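Asks: The structure that follows is given in the form of structure tokens.
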Amino acid sequence: MVELAYNGGPAAAESLEIPEWPRLNEASRQYVDEALESGNWCRNAGGEFCDRLEEEFAEYHDAKHAVAVSNGTAAIELALQAAGVEPGDEIIVPSYSFIASASAVPEVGGVPRFVDTDLETYNIDLDHLEEVITEDTKGIVGVHFAGYPMDMDRLIDIVEDHDLFLVEDAAHAQGTEWRGEKVGTFGDFGTFSFQESKSLPSGEGGIIVTDDDVLAERARIMHNIGREQGATGYRHYKMASNRRLSEIHAALALGQLEKLDEENRIRERREELLLDELEDIDGIETKPRDDRITARGYCLENFRYDSAAFGGLSRDDFIEALSAEGVPVSDGYEMPIYRQPAFFRNEIGRLLPDVELPDYRHLHLPGVEELCRTNVSYGHRLLLAEEEGVRSVATAIRKIQRNVDELLD
Ligand SMILES: Cc1ncc(COP(=O)(O)O)c(C=O)c1O
């Protein structure tokens, strides 16, 4: 008799009902209505919502300043420009992330240097970070991948020892805390995305936070096409782009911020119970529990799959089998960033014609390459499902393991 849903059997995770995302709440609806009715749809027209969002986001992070911008990519670019990146400066970037964590660097004239990825945490491999620091290195963009924070104790020590700047790409980590402090506030800048899939979404949008008055002023001028802080009109003092957030998007993000903590606590509880189950399954490697992580934010979540514990079933076939059981999973970011055609075809040579570039084409970093072969990802929405449904994820994996012969030739 056929057991596995992939072969036509009953799905093991039928009870898993994953809520829709994004979720419109009353506050978002009300603020967007107010922004629309105000007639000030651009912050330069005198609207209040970009100001309010910046104030509340900064307060939520216990940060001195926040500058709302058009998206998370623009946030990283702006942070790098405000930090003073000049043509040819080397910036260390993660090898496993959304491409913007690295591509923002050549966009502002810097040279990305990839560091390997730690298999356990999916973050920058701190054991290998210092090997890629050279005399031309000016800073680091590190990502709190999937909301799981980088080890800020070790990272800050390295940053200080080498006198580098740090941009924390916290696009995945709205609400994550390290030793009671929100991530994004340890480095010179923290950058966030409000793109629709994120846990604080406004369709498109982003924000940067910093405690540094000078950096904040620079960022403010540069996000508004070189105008003086808060100015409108036609005097421009810096060569810079327009990265302003619209009032409508700011209103939407402000409303979404009101439910972020409540949803994160639900995700945290569901993840706890899922981890309890997954940790007992041979061949499923989850991220380590760490007492220094005092609150978690989410975007996607991951575990690693060892095909040897599943009779040799390939990771891709496992993903198809688990999805058929009713658990939507994927291979996530399928390649290291340096394997992206944008790097492989040396597109950045076009952006930086006079700069000597590393040989990305022949780069091999073992950690990230293994990660790309073994990773399984799911979205943060899954962790908003009811407890029984979340538990059924583990039931479905065990069922595949028990009946794996059905899938092997
Ligand atoms: C880690 C990371 N950094 C930066 C970004 C860029 O954000 P945006 O899509 O808002 O430009 C993303 C978006 O997916 C991301 O996942």
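The values are calculated or read from the model by the stated rules, or taken from the named source; none is laboratory data. This structure is a prediction, so every number in the text was calculated from the model and none was measured. Positions of Cβ are backbone-derived with ideal geometry, glycine not excepted, and every protein chain shown enters the neighbour counts. Each accessible area value is taken on the protein alone, full model and side chains, heavy atoms only, with ligands, DNA and RNA left out. Shrake-Rupley method; radii C 1.70, N 1.55, O 1.52, S 1.80 Å.
Asks: Relative contact order, percent, of the chain when contacts are C-alpha pairs under 8 Å separated by at least 6 residues? Each step should come with its number before you reach the end.
Replies: Values: 870 pairs, mean separation 97.9, N = 409.
The normalised contact order for the chain reaches 24 percent.
Asks: About the Cα centre, and with charges only on the beta carbon of Lys, Arg (+1) and Asp, Glu (-1), how big is the dipole of the chain? Nearest 20 debye, please. Let's see the in-between values first.
Replies: Working: 39 positive and 83 negative charges, 268 e Å.
In total the dipole reaches around 1280 debye.
Asks: Rg(Cα) of the chain divided by 2.2 N^0.38 Å? Walk me through the intermediate numbers first.
Replies: Working: Rg = 22.0 Å, N = 409, 2.2 N^0.38 = 21.6 Å.
Compactness ratio reported: 1.02.
Asks: Another question, if that's okay. For segment 314-409, which whole percent of the accessible surface, found with a 1.4 angstrom probe, sits on carbon and sulfur atoms?
Replies: So the carbon and sulfur contribution to the accessible surface is 46 percent.
Asks: Turning to a different aspect of this structure: Could you tell me what percent of the accessible area of segment 26-257 is made up of carbon and sulfur, with a 1.4 Å probe and every protein chain present? Walk me through the numbers before you get to the answer.
Replies: Details: 3830 of 8900 Å².
Carbon and sulfur together cover 43 percent of it.
Asks: Next question, about the same structure. State the Cα centre-to-centre distance between segment 136-167 and segment 1-79 in whole Å.
Replies: Centre-to-centre distance over Cα atoms comes out at 26 Å.
Asks: While we're here: Given 0.36 nm per residue, what is the gain on full extension from ILE225 to GLU20 after removing their alpha carbon distance, in nm?
Replies: Values: separation 205, 0.36 × 205 = 73.80 nm, distance 3.68 nm.
Working it through step by step, the gained length comes to 70.1 nm.
Asks: Moving to a separate point now. Mean 1/r over all different Cα pairs, inverted: what Kirkwood radius does segment 26-257 give, in Å?
Replies: Working: mean 1/r = 0.0567 Å⁻¹.
That comes to 17.6 Å for segment 26-257.
Asks: Moving to a separate point now. Could you report the chain's accessible area per residue, 1.4 Å probe, as an integer in Å²? Mind showing how you got there, number by number?
Replies: Details: 17840 Å² over 409 residues.
Value returned for the chain: 44 Å² of accessible area per residue.
Asks: Evaluate the charge dipole of segment 26-257 about its Cα centre and quote only its size in Debye, nearest 20, assuming +1 on the Cβ of each Lys and Arg and -1 on the Cβ of each Asp and Glu. Provide the component values of the computation, followed by the final result.
Replies: Numbers: 17 positive and 44 negative charges, 239 e Å.
Rounded to the nearest 20 debye, it is 1140 debye.
Asks: Something else about it: Given the options GLY349, GLY297, GLY187, which has the most mean-square fluctuation in a GNM of the chain, springs set between C-alpha atoms less than 10 angstrom apart?
Replies: GLY349
Asks: Another one. Put +1 on the Cβ of each Lys and Arg and -1 on the Cβ of each Asp and Glu in the chain; which of ILE18, HIS61, GLY84 then has its Cα farthest toward the positive end of the dipole?
Replies: Positive-most Cα among the choices belongs to GLY84.
Asks: Now, a different point. Taking springs between alpha-carbon atoms closer than 10 angstrom, which of ILE208, ILE76, ILE293 fluctuates most in the Gaussian network model of the chain?
Replies: ILE293
Asks: Per DSSP H run of n ≥ 4, the term is -39500 (n - 2.57); total these for the chain, divide by its residue number, and report the mean residue ellipticity at 222 nm rounded to 500 deg cm²/dmol.
Replies: On the way: 13 runs with 146 residues, N = 409.
It lands at -11000 deg cm²/dmol.
Asks: Toward the positive end of the charge dipole of the chain, about the Cα centre and with charges on Cβ (Lys, Arg +1; Asp, Glu -1), which of LEU273, LEU164, THR117 goes farthest?
Replies: Projecting each Cα onto the dipole axis, the largest value belongs to LEU164.
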